[in-house]
Amino acid sequence: MQKQKYPNHIRRRQTELLSKIRSFFIAFILLCLVFIGGAWILSYGNVISNQWAQISSIIMTTLGVIAAVCQWLLPLPSTQTSTSNIHLPENQQPKTAPTPCSTSTFPYHFPRRNPFFTGREELIRKLREQLTTKNATALTQAQAISGLGGIGKTQIAVEYAYRYRNEYQYIFWASVTDAVTFLSSIVEIAHLLRLPERCEQDQTIIADAVKHWLAMNEHWLLILDNADDLAIIDAFLPPDMKGHLLITTRAQAVGTLANPLDVSKMSIDEGITLLLRRAKRIDTHQTLESAKAQDRTEAEAIAQELDVLPLALDQAGAYIEETKCSLSSYLRTYQLHRQEMLKYRGSLPPNHPEPVATTWSLSFRNIEKANPLAANLLQLCAFLDAEDIPEEIFTKEALHLGPHLGKLQAHPEQLNTSMSIIGRYSLLHRNPDTQTLTIHRLVQAVLKDSMSKKMQHLWAERAVQAVGSVFPSVDVDTWEQCRRYLSHARTCISLIRNYSLLTQETAKLIDKVATYDKDHALYTEAENIYNDIVKLNEKVLGPEHPDTASSLSNLAYLYKSQGKYELAEPLLQRTLAIPLKELEKETKTPPCGSSDPREPHPQARMLEAGLSDLSRGQRHLISQPFKLPGCPSLSMLAI
């Protein structure tokens, strides 16, 4: 990159000197006018002759014209007419202009470099490449680093500025948390540049002067941080920029303002390295390989638990450093007190002002205020698997998902509106090709922690209903469709267990997942599911309830299909040991094809025959799963 002809301090001195000369010429012109007027007054009073008055006037007029021409030729910028659209209420205008700032390359308010910055090499390389690629008019396009709060956008911008500081003559930093803060930052930039307009009372004039300077000069880098509301900066940006503009924002859609660069999670190795450096387990210049094997293992568990979010890892490292606890101790504390730990920031002065929970809480409130449907969408996503959430979960049979999400069944296009609002904060990512959504696992955790127990139970129940409504019957022809929902169905099984949501409908979903696992020879997974349901039935319904018998029979049939007869037989014996009077209670309603309510249910007769078969040691009696045709309460878990 080419350097400008003169250094910054020489150019500033030239500007100040020319300003003084210009003031001198203006004063001299005024003096000439006064002299000419005085000469004619004296000639009328006969103090001097008219000839001397004429000669003096000609001389002074000539000198005045020369001074005026010199003043006009001086290369000094004039005050610009205000064209900025940045307007603030009078009660929000900053009361005083800031004191002139330092003249160093980095102004005094520029963030310090993060000594623990780790990874992101590909992002920084790509950022540099895009900033230095000029278009046909020899201008560069602004770059926007977008992503979830706490993902590391600001730290990437700071690191870029320090790495390439020698390529710029001017580096500026402006915070765009709101319009007042942004305008104050622009005023500070005007003072850094010693612009003549820097002391104007109307700060929109100052903003226009900075905008004009950016359009006329090159070799500068301006970073606009936290520009979540892009409308604030839209009017300020000059149409033609010869320098580099870098924006950090949570907004996923930046329109024509900038070229977006999305920041996703760190890699697991980067996350482990960041945590160990921040916790002072390795030096900032050391690599992951230099850490102890035990530290690497324990740090990996923490990084996975925090879903490799840089801000959360920084919080964890600060806690470990300050408390001097072990990595394993931190993990146990986090798992027991997650909500409190995500709010912890420590007493040391951090580069990031807020912890994870606080960083997102305002975003949640803003979304809820703007669009309750969007807020409900986030709440439902909190109880599903974080990856690849199919959009049809929210639109098919959505009436049972509450009054807001229920609208999506008749008006699925409202999902687009909700996603545009959520996209302003990058809390959900949408894949248009697969029509799926993704949410960060810590966002899920913070959303759950913000709910009451009653509200958690409600959304867990809705999540199970939503997945159950789209999960198809298991067949070879539906395997691919099953795979689309499988991870969410497994998550729902955990919800059913944790929130005691076992019903006839939820049991059907459990049975479908177990059947899929069995069909794909995933016997361990299927066995775990059936064992959990047996325990849950025994706890909720009792050991002698017919539904408990059904789940026992299903587990026995699974063992039989693997040839594990020694495991299947005891389970079937337990099934047959359930008193027949309990079965009769459940079968008072005549079975299909029977009109006599006193007639024993066919399954009861089959069990009696089974007892006789079992006594003869015939293991083939479990070749069919336990179910009662026409009686849902006993067949809900039948295969």
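Here are a few things to note about the model shown:
- Cα centroid separation, segment 502-563 to segment 216-292 (Å): 49 Å
- Sorting 268-275, 311-318, 568-575, 219-226 by their mean Cβ neighbour count within 10 Å, with the most densely packed peptide first, gives 311-318, 268-275, 219-226, 568-575.
- Element breakdown for segment 165-251 at a 1.4 angstrom probe: carbon and sulfur atoms account for 44% of the accessible area.
- Segments 198-210, 403-415 sorted - mean Cβ within 10 Å per residue, highest first: 198-210, 403-415
- Environment charge at residue 289 (Cβ cut-off 15 Å; Lys +1, Arg +1, Asp -1, Glu -1): -1
- Put simply, the amide H of residue 144, placed in the peptide plane, has neighbours under 5 Å in 247, 259, 261, leaving out anything fewer than 5 places away on its chain.
- Sorting the segments 450-458, 375-383 by their residues' average number of neighbouring beta-carbon atoms within 10 angstrom, most packed first, yields 375-383, 450-458.
- Cut-off 13 Å between beta-carbons: net charge of the residues surrounding residue 331, Lys and Arg +1, Asp and Glu -1: -2
- Scattering profile of segment 267-355 at q = 0.15, 0.24 Å⁻¹ [log10 I(q)/I(0), Debye over alpha-carbon scatterers]: -0.48, -1.29
- Cα centroid separation - segment 468-490 against segment 138-196, whole Å: 48 Å
- Accessible area per residue, Å², segment 322-478 with all protein chains present, probe 1.4 Å: 47 Å²
- Dividing the Cα radius of gyration of segment 193-253 by its Kirkwood radius returns 0.99 for Rg/Rh.
- By the rule of a C-alpha distance below 12 Å, with chain neighbours fewer than 8 residues away ignored, the aspartates and glutamates paired with residue 265 are 307.
- Taking 18 Å as the limit for the C-alpha separation, the pairs 518/560; 518/564; 153/324; 211/242 exceed it in the case of 153/324.
- Solvent-accessible surface of protein heavy atoms, probed at 1.4 angstrom with all chains present, puts 396, 324, 512 in the order 324, 396, 512, largest first.
The values are calculated or read from the model by the stated rules, or taken from the named source; none is laboratory data. Since we're looking at a predicted model, the values are computed, not measured. Heads up, the Cβs are rebuilt from the backbone with ideal geometry, glycines too, and the neighbour counts pull from every protein chain shown. All accessible areas refer to the heavy atoms of the entire protein, side chains included, with ligands and DNA or RNA removed. Shrake-Rupley method; radii C 1.70, N 1.55, O 1.52, S 1.80 Å.
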